[in-house]
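> Provided herewith is a single structure, encoded as structure tokens, for subsequent inquiry.
Derivation of every value follows stated rules applied to the coordinates shown; laboratory data play no part. This is a predicted model, so every value here is computed, not measured. Positions of Cβ are backbone-derived with ideal geometry, glycine not excepted, and every protein chain shown enters the neighbour counts.
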Amino acid sequence: MSKKRVLSGIQPTHDSFHLGNYLGALKQWVELQHDHDAFYCVVDLHALTIETDPKVLQKRILLSAAQLIAIGVDPSKCTLFIQSHVPAHNQLAWVLECITGFGEAGRMTQFKDKSQKGGTDRTNVGLFTYPILQAADILLYQADFVPVGEDQRQHIELTRDLGQRFNSKFNEIFNIPQPQIIKSLAKINDLQDPTAKMSKSASSMAGVIELLDSPEVTLKKFKSSVTDDGKEVKFDEKSKPGISNLLTIHSALSGKSIQDLEGEFSGKGYGDFKAAVAEVVISKLEPIGKRTKELMDDQGELIRILNKGAARANEVATATLKAVYSAIGLV
Ligand code: ATP
Ligand code: LTN
């Protein structure tokens, strides 16, 4: 039986990914590539919705690809590419925009949140059509599954709606994908504000563990993490959000169950526990930082890898686009 296809993407909006991206999404990318036909892309066109200095953007695109390889996304096992290297993404997005309702796009919560924060004058149209470009990313590859965090569920629903709408209006071209949101997948919160999710757009990075942080910085961030009254290392998200978040992080990286960790640290203080979590995190992140640096120091090799990915992605994407153009009556 042929392997199921997965597709996912991540925006190059920051120099470093953070622990929430890694544990909530990227770790799953690595696992899925072994028994799936996986397509992973750095969605640089999506990142244009946020104004960025061109030099900074260029660096972030390469850094994102390098970090993906460093965490274990293996270009010999999957197709790793940069979205803008495959023109069919924009071409299909336009076709999909023409079958998307204005109100339908306006109901996307990510758009509503971001546009409310920025106000109409600072909100660009790209932010509005963002989910439709995302739908094109997915439908072009005939993906079966889209591994993403819970926050992306609505965008995958829109993708399914648009795919189904196209299929019934024109021709059965698109495979209709399923979101792959694994419930047990860790949701990681900010170390300084453990009731809010760890996010790249947090106002301060003090509570955000970046994959490329030095061991010293990581240790400092854990040591100064906000914990709760009391002394017990116990999982209780309501009354002990800080400790619960640290337990989640330790468990996700060490593979030990929360229950076992509670036992291991019973009678020990918060200080010892924080140091232990930091150690687990540092031992995971240190090699990722080293490998990322090696790849950034040899950009020729990195670009060669990405060109190869783009060639394979273009093959699949162009075939879908051709079928779409023909189905809608373009000559
Ligand atoms: P922003 O805050 O700018 O929206 P972000 O930090 O939330 O950015 P995204 O680029 O939106 O990061 O997310 C990339 C992937 O990582 C998504 O699949 C998302 O669900 C997942 N993710 C992001 N933050 C977390 C988190 N704190 N815990 C678990 N998963 C997360
Ligand atoms: N919107 C997503 C990033 C993204 C994506 C995709 C995810 C763009 N295109 C295609 C999965 C499939 C985000 O913000 N995490």
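> Based only on Cα atoms, what Rg/Rh ratio does the stretch 172-320 have, Rh being taken as Kirkwood's radius? Display every interim value, and only then the final one.
Values: Rg = 19.8 Å, Rh = 18.0 Å.
When Rh is taken as the Kirkwood radius, the ratio is 1.10.
> Using only the Cα atoms of the stretch 182-245, each taken as one equal point scatterer with no solvent, compute I(q) by the Debye sum, divide by I(0), and report log10 of the ratio at q = 0.18 Å⁻¹.
Scattering profile of the stretch 182-245, log10 relative to I(0): -0.68.
> Another question about this same structure. Within 10 Å of each residue's Cβ, count the other Cβ atoms and sort 108, 1, 205 from fewest upward.
1, 205, 108
> Can you check what the net charge comes to around residue 235, using other residues whose Cβ is under 12 Å from the Cβ of residue 235 (Lys, Arg +1; Asp, Glu -1)?
-3
> Just to be sure I understand the curve: with the Debye formula and one point per C-alpha of the stretch 1-152, what is log10 I(q)/I(0) at q = 0.09, 0.15 Å⁻¹?
-0.29, -0.83
> Taking the Cα centre of the chain as origin, work out the dipole magnitude from +1 charges on Lys and Arg Cβ and -1 charges on Asp and Glu Cβ, in debye rounded to 20.
Roughly 320 debye for the chain.
> Would you kindly calculate the translational diffusion coefficient of the stretch 60-113, applying Stokes-Einstein with the Kirkwood radius from alpha carbon pairs, for 20 °C and a viscosity of 1.002 mPa s, and quote it in µm² s⁻¹ without decimals?
The Stokes-Einstein estimate is 153 µm²/s.
> Which percent of Cα-Cα pairs in the stretch 237-307 sits in each 10 Å bin, short to long?
17, 38, 18, 16, 10, 1
> Return 41, 78 ranked ascending by Cβ neighbour count within 10 Å, so the fewest neighbours appear first.
Starting with the residue having the fewest Cβ neighbours, the order is 78, 41.
> Each residue of the stretch 220-231 in turn: what ³J(HN,Hα) in whole Hz from Karplus with 6.51, -1.76, 1.60 and θ = phi - 60°, glycine and Pro shown as x?
These are the phi-based 3J(HN,Hα) values: 4, 5, 5, 4, 9, 5, 6, 10, 10, 4, x, 10 Hz.
> While we're looking at this one, here's another question. Which cross-chain or sequence-distant (5 or more) residues have an amide H under 5 Å from the amide H of residue 18, H modelled 1.01 Å from N in plane?
Distant-sequence amide H within range of residue 18: 211.
> Oh, and also: Give 187/238; 187/220; 223/293; 220/284; 27/59; 200/308 a once-over and call out the pairs whose C-alpha atoms are over 19 Å from each other. Provide the component values of the computation, followed by the final result.
Working: 187/238 15 Å; 187/220 22 Å; 223/293 26 Å; 220/284 16 Å; 27/59 23 Å; 200/308 30 Å.
Violating the 19 Å limit, Cα to Cα: 187/220; 223/293; 27/59; 200/308.
> For the stretch 1-69, restrict the atom set to alpha-carbon positions and state the Rg and Dmax in Å.
Cα only, the stretch 1-69: 13.3, 46 Å (Rg, Dmax).
> Would you please calculate the Kirkwood hydrodynamic radius of the chain over all C-alpha pairs and express it in Å, rounded to one decimal?
21.1 Å
> Also, quick follow-up: In which sequence would 60, 291 go, from the one with the fewest C-beta neighbours within 10 Å to the one with the most?
So the ranking, lowest neighbour count to highest, is 291, 60.
> For a quick check: with amide H placed at 1.01 Å from N, whose amide H comes under 5 Å from residue 198's, ignoring anything fewer than 5 positions away on the same chain?
Counting only residues 5 or more places away or on other chains, the set is 188, 189, 190.
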